[in-house]
Amino acid sequence: MVSSLHRGADVISALQFTRSDIERLIRLAEDIRRIYESGGRLDIARNKVMFTAFFEPSTRTRLSFQFAMIKLGGAVVDLGPEEVSSMAKGESPEDTLRTVDSYDPDIIVVRHREPGFALKAAEICRAPVINAGDGYNEHPTQALLDVYTMWRLFNRVDGLKVGLMGDLKYSRTISSLSYALSNFYDITIYFISPRELKPREEVLRVLDQRRVHYEFYEKPEEIMEKLDVLYVTRLQKERMSPSEYERLKGSYTVTYSYLAGFKKIPFILHPLPRVWELTPDVDALPQAHYFEQAKNGLYIRMALIKTILGL
Ligand code: NCD
């Protein structure tokens, strides 16, 4: 597969990424990290403008893209909450994007609850579009920071045994991370979830095509000590009916005392936000790496912005 990460490219799906794309971004993220952590600065995006349009709530993705752009010397214009834009008057997100695209941003980051919305936005906009989450479908830049985090922990991705746990059906981070991992050798994915929340068929089909080994479990204790990483996800309340949520709420929770019962505890990752599925007492474990994971998002997004802007 030919690299899809170049100047002006849209980033819509983790299926676009080749192994060398991911490795190149990781190397670049590490270089950028070294510069910033030693007090240096890059000022390469001067006169470049990023437009961030989040039609669904976000903390980390929105703010880390904004921080990343500003730290590279660029500027950011944010759509702001629905109440202050013409969305409140009934304007469609498509019309909003078409209009802002005509102001000539250099990069557009978009999140929307509708699966496929990022692709639609890329068709409407001249500027390169980055998918920051389209409904349950995908979240490709989260997959980049997740893989980057695993690489930092193990100095490799090949051969890792990764447990993906929780809402595997509606979590877009699960599909994108599975696709990104499928580029590496000898990966095993352990899908751990209540039966109703198994990954979607389209995700499994890709893993089959790419000959990735995966297994299903309902409880993590069945394979905990085999895992290198346990990646926990939140129940995607906004993507299910209230009765489904009530039925599944609390059906899986990782706590300190639960983990302390195992001889080997894997590294614990989570895309955040967490609710009840990962209790704050887990933060005390040396294996808890989700806040570092979030920080890695800053550097990998800086690397991605630099690449897409051709700087
Ligand atoms: C995730 C998302 O938006 O899909 N959050 C994030 O971007 N870090 C996970 C979630 O909301 O559960």
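The values are calculated or read from the model by the stated rules, or taken from the named source; none is laboratory data. Note that the coordinates shown come from a computational prediction; the quantities given were computed from them, not determined experimentally. So basically every Cβ, Gly included, is an ideal-geometry build from the backbone, and we count neighbours across all protein chains shown. Accessible surface is based on the protein model in full, side chains and every heavy atom, while ligands, DNA and RNA are left aside. Shrake-Rupley method; radii C 1.70, N 1.55, O 1.52, S 1.80 Å.
When the stretch 222-237 is limited to residues that are touching a residue at least 40 places away in the same chain (Cβ under 8 Å) and over 15 Å from Glu277 (Cβ atoms), the one that is nearest to the ligand (Cβ to nearest atom) turns out to be Val229.
Take the residues in the stretch 236-289 that are part of a loop (DSSP other than H, G, I, E, B) and among the charged types (D, E, K, R), then tell me which one is farthest from Asp167 (Cα to Cα). Steps first, please.
In the first step, residues of the stretch 236-289 are kept if they are part of a loop (DSSP other than H, G, I, E, B); the result is 236, 240-241, 249-253, 255, 261-266, 270-277, 279, 285-287, 289.
Add one more test, that the residue is among the charged types (D, E, K, R), and what stays is 249, 263-264, 274, 277.
Values: Lys249: 11, Lys263: 26, Lys264: 24, Arg274: 12, Glu277: 10 Å.
Only one residue fits best here, namely Lys263.
From the list Thr52, Thr18, Thr59, Thr99, exactly one residue is at pLDDT 95 or above, closer than 27 Å to Ile124 by Cα, among the β-branched types (Val, Ile, Thr) and within 16 Å of the ligand (Cβ to nearest atom). Which is it?
Thr52
Comparison of Arg205, Arg211 shows that the only residue that is open to solvent by 80 Å² or more (accessible area, probe 1.4 Å) and in a loop (DSSP other than H, G, I, E, B) is Arg211.
Residue count for the stretch 108-118 under the criterion of being part of a loop (DSSP other than H, G, I, E, B), of a type in the set (D, E, K, R) and either open to solvent by less than 10 Å² (accessible area, probe 1.4 Å) or within 13 Å of the ligand (Cβ to nearest atom) (or both): the result is 1. Scanning the stretch 280-311 for residues being open to solvent by 10 Å² or more (accessible area, probe 1.4 Å), of a type in the set (Ser, Thr, Tyr) and within 16 Å of the ligand (Cβ to nearest atom) gives a total of 1.
The residues of the stretch 255-276 that are within 16 Å of the ligand (Cβ to nearest atom), open to solvent by less than 30 Å² (accessible area, probe 1.4 Å) and free of Cβ contacts under 8 Å to residues at least 40 places away in the same chain, listed by number, are Ile268, His270.
Would you confirm, using the coordinates I've provided, whether Tyr170 is within 16 Å of the ligand (Cβ to nearest atom) and surrounded by fewer than 17 Cβ atoms within 10 Å (Cβ to Cβ)? No: the conditions fail for Tyr170.
Looking at Ala127, Ala143, Ala121, can you tell me which residue is away from the ligand (no atom under 16 Å from the Cβ), part of a helix (DSSP H, G or I) and either out of contact with any helix residue (DSSP H, G or I) (no Cβ under 6 Å at 6 or more places or on another chain) or modelled with pLDDT of 95 or more (or both)? I'd like the intermediate steps shown before the answer.
Working: Ala127 fails: part of a helix (DSSP H, G or I); Ala143 fails: away from the ligand (no atom under 16 Å from the Cβ).
Result: Ala121 is the single residue among Ala127, Ala143, Ala121 that is away from the ligand (no atom under 16 Å from the Cβ), part of a helix (DSSP H, G or I) and either out of contact with any helix residue (DSSP H, G or I) (no Cβ under 6 Å at 6 or more places or on another chain) or modelled with pLDDT of 95 or more (or both).
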